[in-house]
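Everything on this sheet refers to the single structure shown next.
The values are calculated or read from the model by the stated rules, or taken from the named source; none is laboratory data. These numbers were taken from a predicted model, which means no experiment stands behind them. Virtual Cβ from ideal backbone geometry, glycine too; neighbours counted across all protein chains shown. In case anyone asks, the SASA skips ligands and DNA or RNA and just uses the protein heavy atoms, side chains included. Shrake-Rupley method; radii C 1.70, N 1.55, O 1.52, S 1.80 Å.
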Amino acid sequence: MKEKKVYIYTIGCQMNVYDSEQIENLLQPVNYSKTDSLEHADLIIVNTCSIRAKAEEKAFSFLGRASQIKNKNHQLIIGIGGCVAQQEGEKIFKRVPQVDIVFGTRAIGRLPKHVTEIEKNRERIVDIDMSVSLEDDLYPITDYQTGTDISKFVTIMRGCDNFCTYCVVPYVRGRETSRVPEAIISEIENLVSNGIKEVTLLGQNVNSYGKKEGWCSFPDLLSKVNDIDGLKRIRFATSHPKDLSDELIQAIASLDKLVKHIHLPVQSGSDRILKKMNRHYTKEIYIDKVNRLKKAVPNVEITTDMIVGFPGESKDDFEETIHLMKTVQFDGLFAFKYSDRPDAPAESFMPKVYEAEKKDRLKIILDLQETITRSKHQEEIGKIKEILVEGYSKHSETKSTEPSTGKKVQWTGRTSGITIVNFIDDSKPGQENEKLTGQMVKIKIEKAFSHSLWGKKNTNGYTI
Ligand code: SAH
Ligand code: SF4
Ligand code: F3S
């Protein structure tokens, strides 16, 4: 049978990256292998995100490109999956008639069957059924080919029950459901036996992992993952501030493989806006949790998400956000202009903040964060940091490991927080360098930039 090609385009969060890998894996038995060329694809899949209007537009603009190719090649199959597919269902066919399959966030396991059916009779399929159980829909990757990756995402739960008023996730991902711990552990063990050194455990609200099902708690799961031989680092995302427990803080403090970093989205510094957002905490409660974290875990790195221009956000509310940022001194910020979403209650909240005002507020907090990060980075100069090496840096003068080139090989990796460190290794010229990827090394920081640090590997070449 002729091997067919699938092109997968992924928009959105880490969970979509994980889902796209599942899709790639699941399509192999029905004879599809991945291609990076749109023009040579027999099947084009776009895995979509609906979190803000811009992400949705990106999906439709990509579908526009895919449709042009289909106009020339009628055999091409186009599928749209993910959160926009879940939300829009068959309405997508009206907007883009070239689409063959619309599959929702819990239909990934059924995609191969749908593709085979389309190949036979060319009749459009919509599958946005959300009733499937999680284990039926997630297929641990068993014959994983690592290539050069050292890090992978592992979804531990799906859906969200929090219903923040601006957010579409509870509608497009359904109710919170956790995977059984054994399935997660065996998936990670398998990744590790194939060369993976770091995993990021994913969920919209990892703190409520297993609660409904009566599995173990999230900190217990972390401790089980920590026991996996050969795994070097564990990350996780995302943690809702209202559910950040002392047990989790203790886990961050004590588990050796768990990074000293937490992504703790605050969204706003104004109690009035937090209430309208349905976040279930105040600025004071948030700051108190941060202080407890900082006390229990010295040098913990804290990053956050912020929304500016939520309906009704006044200048005073915005000032509260700035005050919170100055108080907490985040290590990183993901900031967004509020975007109306269908289904989310805030769509009907008034008054809306003008687009120009949102843009100004966004710039103000991004600039403030840049100043904070730069000064934090400056303080790192002279310190020795433990880095998990991810591979060649994009600034590397050469990718060659031949000692004769005379050019400097520059490496990249991350601290036990989120900071990117680029470095050179004078100690082991030539072929030996190849082995650095996936290793923990100690780097002396010599320069600080706004988005990264730069340093040198000790000439003794000590690795940990
Ligand atoms: N589950 C995570 C967030 C997932 S969505 C949590 O609760 O922390 C990622 C981020 O997108 C959110 O933290 C929020 O900052 C942003 N976001 C969500 N809906 C949005 C909207 N309608 N407009 C702008 N930003 C939004
Ligand atoms: Fe959205 Fe809130 Fe759930 Fe996060 S916790 S996914 S922001 S509803
Ligand atoms: Fe987007 Fe869906 Fe993730 S809306 S952020 S892809 S859960």
I'm told Phe310 meets every condition in (1) within 30 Å of Arg292 (Cα to Cα); (2) of a type outside the set (Asp, Glu); (3) part of a loop (DSSP other than H, G, I, E, B); (4) more than 16 Å from ligand 1 (Cβ to nearest atom) except one. Can you identify the failing condition by its number? (4)
Run Asn121 past the list (1) exposed (fewer than 13 other Cβ atoms within 10 Å of the Cβ); (2) at pLDDT 95 or above and report the number of the one that doesn't hold. (2)
Regarding segment 307-328, can at least one residue be identified that is under 23 Å from the mean Cα position of the chain (by Cα) and within 16 Å of ligand 2 (Cβ to nearest atom)? yes
Against the definition (outside any loop (DSSP other than H, G, I, E, B), among the hydrophobic types (A, V, I, L, M, F, W, C), more than 12 Å from ligand 1 (Cβ to nearest atom) and buried (at least 20 other Cβ atoms within 10 Å of the Cβ)), how does Ile273 come out, yes or no? yes
Quick check on my filter: what residues within segment 37-56 are over 25 Å from the mean Cα position of the chain (by Cα) and not aliphatic (A, V, I, L, M)? Glu39, His40, Asp42
Where the second residue is of a type in the set (A, V, I, L, M) and open to solvent by 20 Å² or more (accessible area, probe 1.4 Å) and the first is assigned by TED's automatic domain parsing to the domain that holds Cys160 and lies in segment 210-227, which pairs have Cβ atoms under 8 Å and are six or more apart or on separate chains? Glu213/Val180; Trp215/Val180; Leu222/Leu255; Ser223/Leu255; Lys224/Ile185; Val225/Ile185; Asn226/Leu255
Has segment 54-62 got at least one residue that is within 30 Å of Tyr338 (Cα to Cα), surrounded by 22 or more Cβ atoms within 10 Å (Cβ to Cβ), of a type outside the set (Asp, Glu) and within 14 Å of ligand 3 (Cβ to nearest atom)? yes
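A quick yes/no check of all residues on (1) surrounded by fewer than 19 Cβ atoms within 10 Å (Cβ to Cβ); (2) more than 15 Å from ligand 1 (Cβ to nearest atom):
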{"site": "Ile8", "(1), (2)": "no, yes"}
{"site": "Ser37", "(1), (2)": "yes, yes"}
{"site": "Asp42", "(1), (2)": "no, yes"}
{"site": "Asn47", "(1), (2)": "no, yes"}
{"site": "Ile51", "(1), (2)": "no, no"}
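So that you can scan it fast, the table gives a plain yes or no per residue for (1) outside any helix (DSSP H, G or I); (2) over 20 Å from the mean Cα position of the chain (by Cα):
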| residue | (1), (2) |
| --- | --- |
| Ser33 | yes, yes |
| Lys58 | no, no |
| Gln75 | yes, yes |
| Ala85 | no, no |
| Phe93 | no, yes |
Scan Glu319, Glu247 and give me the residue that is within 17 Å of Leu201 (Cβ to Cβ), modelled with pLDDT of 95 or more, more than 16 Å from ligand 1 (Cβ to nearest atom) and exposed (fewer than 15 other Cβ atoms within 10 Å of the Cβ). Glu247
When restricted to Tyr32, Tyr18, the only residue within 16 Å of ligand 2 (Cβ to nearest atom) and aromatic (Phe, Trp, Tyr) is Tyr18
Name the residue, out of Arg279, Arg272, that is more than 16 Å from ligand 2 (Cβ to nearest atom), in contact with a helix residue (DSSP H, G or I) (Cβ under 8 Å, 6 or more places away or on another chain) and among the charged types (D, E, K, R). Arg272
For segment 340-348, state whether one or more residues are part of a loop (DSSP other than H, G, I, E, B) and more than 16 Å from ligand 2 (Cβ to nearest atom). no
Just checking, does segment 184-196 include any residue being surrounded by fewer than 19 Cβ atoms within 10 Å (Cβ to Cβ), in a helix (DSSP H, G or I) and in contact with a helix residue (DSSP H, G or I) (Cβ under 8 Å, 6 or more places away or on another chain)? yes
Within segment 147-168, which residues are part of a loop (DSSP other than H, G, I, E, B) and away from ligand 3 (no atom under 16 Å from the Cβ)? Gly147, Thr148, Asp149, Ile150
